[in-house]
Structures are given as structure tokens and as C-alpha cells.
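Some notes on the structure that comes next.
Please treat every number below as a calculation from the coordinates, not as lab data. Predicted model only: the values in this text are computed from it and were never measured. As a convention, Cβ positions derive from the backbone with ideal geometry for all residues, glycine included, and neighbour counts pool all protein chains shown.
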Amino acid sequence: AAARATRPADNRPPARAGRRTTSPPPAAPGVRGPSAPGSRPRAAGRAPVRPVVPQPQPTDRFAELLLAVLSGQRPVHAMLRHTAGRAYDDLVRLAERVPLRTRGARPVVRDIGWFEPREGAVEVFARIGAGDRLRAMAFRLEQGRDLRWRCTAVELGGPRAGSR
């Protein structure tokens, strides 16, 4: 007769139902674990507290990637798999002039904002600062069927070569 596997009922109080109750994996050889001499004793039954590390948003990642390309720190083909439609061609034309390259202070993303016109699409603006100069960068991200975000449009604003 085949033995039927049964799982015991969850008797934990409701306040603790969502907490992790499994023990941490054993320490690697040579690493001080909870039973190693000189280690602090851990409270029985408590899992170690791990700090929550926020994951970067697609808007932040794309702003940094675009900044690196438009300032000449990375080649334009680094964005090839992260773009869709005409965005890559537009980016190639923008990157030829290296519009965000500066002497002295390295350009950084100072601020990011976004608008979500529909689900799966985000229009993003970023303020790019380098020393006392401030430029504007805008781009659109769309989520594909594979759930990856891709840049579909890029524009730059700020001082132009002929406007001085």
C-alpha cells in the first residue's frame, strides 16, 4: 500500500504566520557559525535579521545607462539590447555628439521623475548635473511580452550649441 504523505497543520499564532521559521543554512567550513567559540549566542527559534536592500527601479537603471552612453563613458552599442524601435537610431545620433561629456566634474543623475500613461509604459525625466551645469533628459520605457523594460524614445534638453 502506498503511504500518503501528510503535512501537519499550521498551529502558529496569526501574528507569526508570515515569518520565516526555517533555520539558516549551515556555515561554510572556516566560517564562524552560531555554535563556534567566541560567537554571540542567538535567541532560540529566531532567524537572523537581514537588512532589506532596495532593488533599483528600471527608471534609475536606464537613466544611469543612458547617462553613461551620452557622456562617452560607455559605447552606444551597450544599449542595443535595452532599446526597441527607433530609440536605438535616435540614441546613435545623440551619442555621436557626446552631449553630456564635460571637463572636470563627472555628470550624475540628480533627480528622476516619471509618469505612467498606461500600464507597461513609463515616461521618465531626469535632471543631469555636472558641476554648475544642469541638463534635462527624457526617455520612455515600455515593458515587452517577456516582461523586460526597453527604452523606446530618448530626448535631451538644456543649452544647445546654437542658442548661446
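At-a-glance table
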quantity: Square roots of 5 times each gyration tensor eigenvalue, C-alpha, the stretch 47-132, largest first, Å; calculated: 25, 19, 14
quantity: For the stretch 71-164, with +1 on Lys and Arg beta carbons and -1 on Asp and Glu, the positive-most of Ala153, Pro107, His77 along the dipole; calculated: Pro107
quantity: Within-14-Å neighbourhood charge of Arg118 [Cβ basis; K, R +1; D, E -1]; calculated: -3
quantity: Normalised per residue, the volume of the convex hull around the Cα set of the stretch 73-119 (Å³); calculated: 112 Å³
